[in-house]
Amino acid sequence: PPRSTLFPYTTLFRSGPFMKSFKACSLLLLTVAALAPGAIAAEKPAAHSAAKNSTFDKFKSLAGEWEVAHTSSDHGMPGGTVSYKVTAGGAAVVETVFQGTPHEMLTMYYVDTDGGLCLTHYCVLGNRPHMRALPQTTADTIVFKCDHKDNAAIENEDHMHQATFTFLDADHLKSEWVLYKDGKADGAHGFTLVRKKK
């Protein structure tokens with residue numbers, strides 16, 4: 001059609017509601033395009049702080065089967081097998097103690113969001129104390145202790161309140177767990193582990 005015939009429509013497009021809608025759609029598309037890289041980046045798994053925690057690496061090195069070589073306890077403790085398994089893409093270590101006995105228990109070791117090493121102990125006592133690692137006294141001794149804010153619900157229950165791990169060498173590990181009763185220490189449970197050879 002002649003340009004004069006198209007003129008009313010082009011004028012309407014440039015100044016009417018069509019142009020406003022077009023501008024709004026264009027702005028929306030540009031905003032989405034600008035945000036897309038950030039959204040994609042957010043979907044990518046961030047480097048977990050566990051990769052930067054050398055103390056956690058000690059627990060990862062325990063992966064495999066261990067035999068209870070010696071126990072020392074104020075309340076009696078069974079022997080048996082203990083296993084360690086690295087799971088969740090290297091973000092956690094699962095410990096299973098006294099497998100196949102009525103005392104079988106699980107403990108999860110992991111690095112918290114603040115970069116600190118933690119454990120959650122799923123105990124035969126029916127609770128699950130949460131502990132945080134204290135500043136190390138030596139490179140091979142790691143002490144965990146219950147934090148009040150994390151364990152307020154079980155403070156008045158019998159529960160494991162502290163755990164100390166001594167890495168004697170690549171094939172020998174010593175651990176001691178302190179039981180709390182009525183808000184104070186009520187004995188310790190210790191055992192020495194020897195790695196099973198394949």
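The values are calculated or read from the model by the stated rules, or taken from the named source; none is laboratory data. Note that this is a predicted model, so its numbers are computed, not measured. For neighbour counting, all protein chains shown are included, and Cβ atoms are generated from backbone atoms with ideal geometry for every residue, glycine included. SASA here: full protein model, heavy atoms, side chains in, ligands and nucleic acids out. Shrake-Rupley method; radii C 1.70, N 1.55, O 1.52, S 1.80 Å.
Based on the alpha-carbon gyration tensor of region 101-178 and its eigenvalue square roots a ≥ b ≥ c, which shape applies: rounded if a/c is under 1.5, prolate if not and a/b is larger than b/c, or oblate?
On the way: a/c = 1.93, a/b = 1.25, b/c = 1.54.
Oblate, since a/c reaches 1.5 and b/c is not below a/b.
Can you put His121, His103 in order of accessible area, largest first, using a 1.4 Å probe? Mind dumping the intermediate values first?
Working: His121 5, His103 85 Å².
From most accessible down to least: His103, His121.
If the only charges are +1 at each Lys and Arg Cβ and -1 at each Asp and Glu Cβ, what is the size of the charge dipole of region 73-198 around the Cα centre, to the nearest 20 debye? It would help to have the intermediate numbers written out before the result.
Values: 12 positive and 16 negative charges, 99 e Å.
For region 73-198, the charge dipole is close to 480 debye.
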By how many nm would the segment from Leu125 to Ala88 lengthen if fully extended, with 0.36 nm per residue of separation less the alpha-carbon distance? 10.7 nm
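For Ser54, Ser72, Ser175, write out the residues from largest to smallest accessible area, computed with a 1.4 angstrom probe and no ligands counted. It would help to have the intermediate numbers written out before the result.
On the way: Ser54 85, Ser72 60, Ser175 5 Å².
Largest accessible area first, the residues go Ser54, Ser72, Ser175.
Of Lys85/Lys198; Lys85/Lys181; Lys60/Lys181; Lys174/Lys197; Lys174/Lys196, which pairs sit farther than 21 Å apart, going by alpha carbon to alpha carbon? Provide the component values of the computation, followed by the final result.
Numbers: Lys85/Lys198 16 Å; Lys85/Lys181 31 Å; Lys60/Lys181 31 Å; Lys174/Lys197 18 Å; Lys174/Lys196 15 Å.
Among Lys85/Lys198; Lys85/Lys181; Lys60/Lys181; Lys174/Lys197; Lys174/Lys196, the Cα-Cα distance tops 21 Å for Lys85/Lys181; Lys60/Lys181.
Working with all protein chains in place, sort Leu168, Leu119, Leu179, Leu134 by solvent-accessible area computed with a 1.4 Å probe, largest first.
Leu168, Leu134, Leu179, Leu119
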Could you please state how large a percent of the accessible area of region 131-176 is carbon and sulfur, counting protein chains only and using a 1.4 Å probe? 50 percent
